[in-house]
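Colleague: Take a look at this one; I'll ask things after.
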Amino acid sequence: MNRRDFLGSTAAVGIAAYAESAMGKSEEQEKQPGEFYEEPARQLPVRKFDVVVAGGGTAGVVAAIAAARQGANTALIEAKGYTGGIITEGGTALHSFFNVWKPYPGVKKVQLVRGIPHEIIERLTKMGGTSGHAELAKGYDHDSVCLAVDVEMYKLLSHTMLDEAGVYVCLNTLLAGAVMEGRRIKGVIAESRSGREVFYAQSFVDCTGYGDLASHAGAEYTEPNDYPLCNSMGVANVDVESFCESLHLSQYAEGLRSGKEGQIVRFQGTPKAEGVGMRLVTTTVHDDYLMFVKANVGGAWSKEKSWRVTDRDAMTKLELEARRHQQELIARIRTVPGCKTAFAARSSPSLNIRRGRVIKCDYDVSQKDVFGGRHFDDDVMAYGFHDHSRKIGGGGGSFGLPYRALRVAGIENLLAAGMMITSDYKAHMSTRNTVSCMAQGQAAGTAAALCSKDNRQTRELQYPILRKALIQGGVYLES
Ligand SMILES: Cc1cc2nc3c(=O)[nH]c(=O)nc-3n(C[C@H](O)[C@H](O)[C@H](O)COP(=O)(O)OP(=O)(O)OC[C@H]3O[C@@H](n4cnc5c(N)ncnc54)[C@H](O)[C@@H]3O)c2cc1C
C-alpha cells in the first residue's frame, strides 16, 4: 500500500507532527488560530537505557519483561498507577491462546501462544486469579476458548514479574514527547511528579495502545475510531447463579469460579423479565462478582456523534455520559433476582476504544492473511482467534504475524505492539485481541533488546537471530 492509499483508507487521518523539541511548532498548532505562549527551553535530566517501552498495558508488560530477560537495561513508562492496561480495564476475557480447531475435521487443538503470556497465566491461575482456559459451550460462532482474569490480581502479578525481570518501572509517568535525530528516536520525554526527564535508549517499543510515541516521533497514522467507547465496571453483590438463570443465555463458557470447576465464567444474555432492557456480555472468576460490565458510549450509542480519542474535550463529555450510563445499568441489574444490593465496585480510569490511532508499519496484515492462514518468512508468533469467524486460518485455524508488521514505517529504531497495528478492520478483529497483543509484546521486546545489543536499526536485525531468541523464550512458531 502506498502512502496515499494508506492515508485514504480510513476516515480521519494524520501525519504526526515531529516532537516540538525537534521541529518547533507542530502541524496541529499551525492550523489553530489564536494566541500562543512560547514555552522557554529548559535543561532536562537524562537517564540512559538500552530499551524503553512506552505503555505498561497488555503488550507493554510482556515487551518489557522480554527485553529485560535478553539482558537489556529496560525502562517502562506507564501513565497510570498500575500495569496491565485494557486486560484490567476494558476487555471481557482473554482471547485466545489456542487455534480454532473445531470447524476443521482432523485439526487438533493446539496452544499457539506460549512463552511469557503463558507464564503470566500459569502464575495467575495458581493465585486463583483465572477461570482457566474455558471453551465456549454455547454461542459465539468462532467455537473458541477464552480466559477470564481477576483484574486486581493481574495488576499485582504483572508488576511483580516486571520487578523480577529487573525492569525500571515508572508508574504515574506520562510519555510526553520524542527527541529525534533525523528518523531515529534519541530519547523520549517523560513527565511525572518527579519532574520532566529525558530517557535515552538505543531501541524503543510503542505499546501505548494509541501510538503516542510513534505519533510524537513523526510516524504516519490514521484515526479510525470505529468502535463505541466503553467504560467497564466490576459489579459486586451479584449472585452469578441466579443472574444466569434469569437470563436468556445466548452464549456461555464454563471454567473455574471461586475455586470450583464447571461453573459459568463468561456469559451473554438478555433478561427473561420484560422491561429490564439490558444486553450483557460479562465474565467472572468469583461467585458474587461480575468482573466486566460495559457501558458503551459514542456513535450510535450516544448523543455525542463526533469524537476522536485524541479530542480531549469530546472525550471529557463522553466520560460523564459513561458514568451516568453505568449507574443506569446498576439500577437495572438490581432488578434481577439475587442482585438487589449490587453496586459498582470498580470502574476503568478512562474510556477505552478498540482502536483510536493506527500506526503505519512496514507490513499491514490483511483479512486475506488472517482468513487464509498465511505464514511469513519472518513470523514472530502464531495466532488463532477472530471476533466473528469460525473460518479463521484457512483450514488450520491459525496464521503467522511477521516481524515487519511490528516495525514502525519510517522510524529507524521503533517497534509497535498492540491494538495500534493493522489498518484492515477485519484483520484487526483478530490482531487486536489481548493474547495477540501479549505475543506481539514478546516479539517486539525481544527484537528491541537484540537491536540495542548490537546497536542495530530494527530493519538491520537478522531474522534467524530473532527467531532463535524467541524460541528460547518459549514462543511457538508454526513455520
Ligand atoms: C471495550 C473493549 C472490549 C474488549 N474485549 C476483548 C475481549 O473480550 N477479548 C480480547 O481478547 N480482547 C478484547 N479487547 C481488545 C483488547 O483488550 C485490546 O486490544 C488490548 O488489550 C490492547 O492492548 P494494548 O497493549 O495495545 O493497549 P493497553 O492494554 O491499553 O495498554 C496501553 C498502556 O499504555 C499506557 N499509555 C497510553 N498512553 C501513554 C502515554 N502517553 N504515556 C505513558 N503510558 C501511556 C496506558 O495507560 C496503558 O496501560 C477489548 C477492547 C475493548 C476496548
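The values are calculated or read from the model by the stated rules, or taken from the named source; none is laboratory data. Because the structure is a prediction, the values reported are computed rather than measured. Backbone-built Cβ (ideal geometry, glycine too); neighbour counts: all protein chains shown. Note: areas computed on protein heavy atoms with side chains; ligands, DNA, RNA excluded. Shrake-Rupley method; radii C 1.70, N 1.55, O 1.52, S 1.80 Å.
Colleague: Cα convex hull of the stretch 342-390: how many Å³ per residue?
Modeller: Working: hull volume 8.6 nm³, N = 49.
Cα-based convex hull of the stretch 342-390, divided per residue, equals 175 Å³.
Colleague: Straight-line reach from residue 260: which lysines have a Cα under 21 Å away, not including same-chain ones fewer than 8 places off?
Modeller: Within reach: 126, 138.
Colleague: Need the full-extension length gain, residue 109 to residue 43, defined as separation in residues times 0.36 nm minus the C-alpha distance. One decimal, nm.
Modeller: On the way: separation 66, 0.36 × 66 = 23.76 nm, distance 5.64 nm.
Net length gain for the segment: 18.1 nm.
Colleague: Expected output is a single nm value to one decimal: the length gained when fully extending between residue 122 and residue 313, i.e. 0.36 nm times separation in residues minus the C-alpha distance. What is it? Write down the numbers at each step before the final one.
Modeller: Values: separation 191, 0.36 × 191 = 68.76 nm, distance 4.13 nm.
Answer, rounded to one decimal: 64.6 nm.
Colleague: Here's another thing I want to ask about it. Can you bin the stretch 229-347 into rounded, prolate or oblate? Criterion: square roots of the alpha carbon gyration tensor eigenvalues sorted a ≥ b ≥ c, rounded for a/c under 1.5, prolate for a/b above b/c, oblate for the rest. Walk me through the intermediate numbers first.
Modeller: Values: a/c = 2.13, a/b = 1.85, b/c = 1.15.
Note, shape of the stretch 229-347 comes out prolate.
Colleague: Here's a follow-up. Net charge near residue 375: determine it from the other residues with C-beta under 15 Å of the C-beta of residue 375, scoring Lys and Arg +1 and Asp and Glu -1. Show your work: numbers first, answer last.
Modeller: Working: positive: 368, 374, 404, 467; negative: 369, 377, 378, 379, 478.
For residues surrounding residue 375, the net value is -1.
Colleague: Which ³J(HN,Hα) values, rounded to whole Hz and listed in residue order, are derived for the stretch 256-261 from phi using the Karplus coefficients 6.51, -1.76 and 1.60 in 6.51 cos²θ - 1.76 cosθ + 1.60 with θ = phi - 60°, glycine and proline given as x?
Modeller: 7, 9, 6, x, 9, 6
Colleague: Taking K and R as +1 and D and E as -1, what net charge do the other residues with C-beta under 13 Å from the C-beta of residue 114 add up to?
Modeller: Numbers: positive: none; negative: 119, 122, 478.
Result for the local shell: -3.
Colleague: Moving on. Relative to the first principal axis of the alpha-carbon coordinates of the chain, what is the inclination of helix 434-453, with its axis defined by its Cα atoms, in degrees from 0 to 90 and to the nearest 10?
Modeller: 20
Colleague: Using alpha carbon centroids, what distance separates the stretch 59-131 and the stretch 407-479, in Å?
Modeller: So the two Cα centres are separated by 15 Å.
Colleague: Using R₀ = 35 Å, calculate the FRET efficiency as 1/(1 + (r/R₀)^6) where r is the Cβ-Cβ separation of residue 324 and residue 426; round to 0.05. Intermediate results must be reported in sequence, preceding the final value.
Modeller: Values: r = 33 Å, r/R0 = 0.94.
Approximately 0.60, to the nearest 0.05.
Colleague: So, one more: If contacts are Cα pairs under 8 angstrom and at least 6 residues apart, what is the relative contact order of the chain in percent? Write out the running numbers ahead of the final one.
Modeller: On the way: 1204 pairs, mean separation 106.8, N = 479.
Here the relative contact order equals 22 percent.
Colleague: Now, a different point. Any idea how far the Cα center of the stretch 256-278 sits from the one of the stretch 189-251, in Å?
Modeller: 25
Colleague: Now, a different point. By a straight-distance test (C-alpha under 15 Å), which aspartates and glutamates pair with residue 294 as possible cross-link partners, with residues fewer than eight away in the same chain excluded?
Modeller: Cross-link targets: 89, 319, 321, 328.
Colleague: Oh, and also: Of all the accessible heavy-atom surface of the stretch 229-347, with the other protein chains kept in place and a 1.4 Å probe, what percent is carbon and sulfur?
Modeller: Values: 2840 of 5680 Å².
Here carbon and sulfur together make up 50 percent of the probe-accessible area.
Colleague: Per residue, how much accessible area does the stretch 229-347 have with a 1.4 Å probe, in Å²? Numbers along the way, then the final one.
Modeller: Values: 5680 Å² over 119 residues.
Roughly 48 Å² per residue, with all protein chains present.
Colleague: Could you check how many percent of all C-alpha pairs in the chain are farther apart than 31 Å?
Modeller: Numbers: 47192 of 114481 pairs.
Of the Cα pairs, 41 percent sit more than 31 Å apart.
Colleague: A further question follows. Under a cut-off of 23 Å between alpha-carbon atoms, report the lysines in cross-link reach of residue 368, not counting same-chain residues fewer than 8 places apart.
Modeller: 102, 108, 109, 360, 391, 426
Colleague: Karplus couplings for the stretch 84-97 from phi (6.51 cos²θ - 1.76 cosθ + 1.60, θ = phi - 60°), rounded to Hz, Gly and Pro as x?
Modeller: Rounded to whole hertz, the list is x, x, 5, 4, 9, 10, x, x, 9, 8, 7, 10, 9, 7.
Colleague: Here's a follow-up. Which angle between 0 and 90 degrees, to the nearest 10, do you get for helix 115-126 versus the longest principal axis of the chain when only C-alpha atoms count?
Modeller: Between the helix axis and the principal axis of the chain, the angle is about 40 degrees.
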